[in-house]
Amino acid sequence: MADELCPTDENAAMPLPFFIRAPNQFNVDLNVNRDVYVSNACCKEFSKYEWIGKLMGACLRSKESLVLAFPSFVWKKLVGEPVSWLRDYVTVDSAEVKLMENIEAMDEEAFSSYFGEEKTFMCTLCDGSDVPVKPCGADLPLTYKNRPEYVELVKETKMHEFDKQLDAIRLGLLKVIPQAVLDLLTWQELEKKVCGDPNITVEALRKQTIYEDVDSNDVRVSQLWAALTNFTSEDRSRFLRFVTGRRRLPAPIYICPDKGDEIVDSLPESSTCSSTLYLPKYSSAKVAEEKLRYAAYNCIAIDTDTSPWDD
């Protein structure tokens, strides 16, 4: 479900309407917060948002995880921490934060050269729609003199753009976990408890691994760990999803010999419903790494040959 709510593939279609790609996903100059999503302010299915909140609460109370790629701005609002424009909204739309900074800092000559008389009291929301930041804003020109008012109104509009959706998610959370518990959590703790640990180390994977009908000293197992050691954390996350259907820990991993024990250098198979990896024999550690990486990145549909959302 996580991949339907917040797809990991930046080119994937959005099969569900509840979240949209944050503007930072389209900012090629960024190297952080390039994968984040925010609530869709145009979606008014508040009962569904409440259900998502209940699901997040269930994950918090269990060992299940639901990887929702929210920026810290969203997590902070969910736990009730204060948020600020410069420190927090930048995780949603850094270009807008920079633009407002520039408008405030411009001298009159630079302002006239950059904007002329074209801009009005309108701003663009995360979904790309333009809205007035005050009544009749579409007919009110932005001038050098009134720019401080405009900047403050844009900040106010953007900071509360999807509050109703987040309020519904929080309501669902509080129907599963007590208010007193949520009040004790930082935003980082809530994210980790709902989504799991984003940093997947080889040691953490080893602690989750159980061997069935294969010895931990088997050459196939040694090649597996050698490959995972060479993987990046993102590679290991994709490997984990290939085996378990989850992208973050905790998640148990069962290692079994390949069903066709005599076949060499074939792609590994997995059963996500039982979190089991069927490990073939490989002619070398290099081949093992290539096959495991290919499976991790290309065999992503859970227990199906095609995406369940395809027509």
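Quick look at the numbers
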item: Filtered residues of the stretch 128-142 (kept if surrounded by 15 or more Cβ atoms within 10 Å (Cβ to Cβ), of a type outside the set (A, V, I, L, M) and either in contact (Cβ under 8 Å) with a residue 24 or more places away in the chain or part of a helix (DSSP H, G or I) (or both)); result: G137
item: Some residue of the stretch 220-231 being farther than 21 Å from S284 by Cα, β-branched (V, I, T), touching a residue at least 24 places away in the same chain (Cβ under 8 Å) and open to solvent by less than 50 Å² (accessible area, probe 1.4 Å); result: no
item: Criterion: within 22 Å of V151 (Cα to Cα), touching a residue at least 60 places away in the same chain (Cβ under 8 Å) and of a type in the set (D, E, K, R) - qualifying residue of D107, D93, D88; result: D93
item: In the stretch 29-61, residue surrounded by the most Cβ atoms within 10 Å (Cβ to Cβ) [restricted to those that are among the acidic types (D, E) and at pLDDT 95 or above]; result: E50
item: Check on V154, over 27 Å from S237 (Cβ atoms) and either aliphatic (A, V, I, L, M) or in a loop (DSSP other than H, G, I, E, B) (or both); result: yes
item: Test: V194 is in a helix (DSSP H, G or I), hydrophobic (A, V, I, L, M, F, W, C) and more than 17 Å from the chain's Cα centre (by Cα); result: no
item: Residue under evaluation I200, criteria (1) surrounded by fewer than 18 Cβ atoms within 10 Å (Cβ to Cβ); (2) in contact with a Lys or Arg (Cβ under 8 Å, 6 or more places away or on another chain), criterion not met; result: (1)
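A quick yes/no check of all residues on (1) more than 30 Å from R248 (Cβ to Cβ); (2) among the hydroxyl-bearing types (S, T, Y); (3) open to solvent by less than 40 Å² (accessible area, probe 1.4 Å); (4) not in a helix (DSSP H, G or I):
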site: K63; (1), (2), (3), (4): no, no, no, yes
site: M100; (1), (2), (3), (4): yes, no, yes, no
site: C126; (1), (2), (3), (4): no, no, yes, yes
site: K145; (1), (2), (3), (4): yes, no, no, yes
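The values are calculated or read from the model by the stated rules, or taken from the named source; none is laboratory data. None of these values were measured; they are calculated from a predicted model. So basically every Cβ, Gly included, is an ideal-geometry build from the backbone, and we count neighbours across all protein chains shown. Heavy atoms of the whole protein, side chains included, go into the accessibility calculation; ligands, DNA and RNA do not. Shrake-Rupley method; radii C 1.70, N 1.55, O 1.52, S 1.80 Å.
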